[in-house]
1. I'd like the residue in segment 1-21 that is surrounded by 10 or more Cβ atoms within 10 Å (Cβ to Cβ) and β-branched (V, I, T) and, out of all such residues, is farthest from the chain's Cα centre (by Cα).
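The values are calculated or read from the model by the stated rules, or taken from the named source; none is laboratory data. Every value quoted in this text rests on a predicted model; they were computed, and no experiment measured them. Note that we place each Cβ from the backbone using ideal geometry, even for glycine, and neighbour counts take in every protein chain shown.
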Amino acid sequence: MTQRTEELKAQIEMETFATIDKNKAERYERQKVTFLEDRIKVLEKSIESIHMILARFQMTEGKES
């Protein structure tokens, strides 16, 4: 192989590794976003449950007075 060919090969390898690293970083960021979206859904359901419990409590409290 000529030196130019080896240089091109090395450059392609570096670009390939850079692309792989970039893809890994993007995939990791997407996983973080998905995780946070799932946590938000859980929190929303918890808040809804708390509101329902509070509403029931307020309804029974009003009847006792």
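1. I12
Residue-wise test of (1) modelled with pLDDT of 95 or more; (2) surrounded by 10 or more Cβ atoms within 10 Å (Cβ to Cβ).
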site	(1), (2)
N23	yes, yes
E26	yes, yes
E29	yes, yes
R56	no, yes
E64	no, no
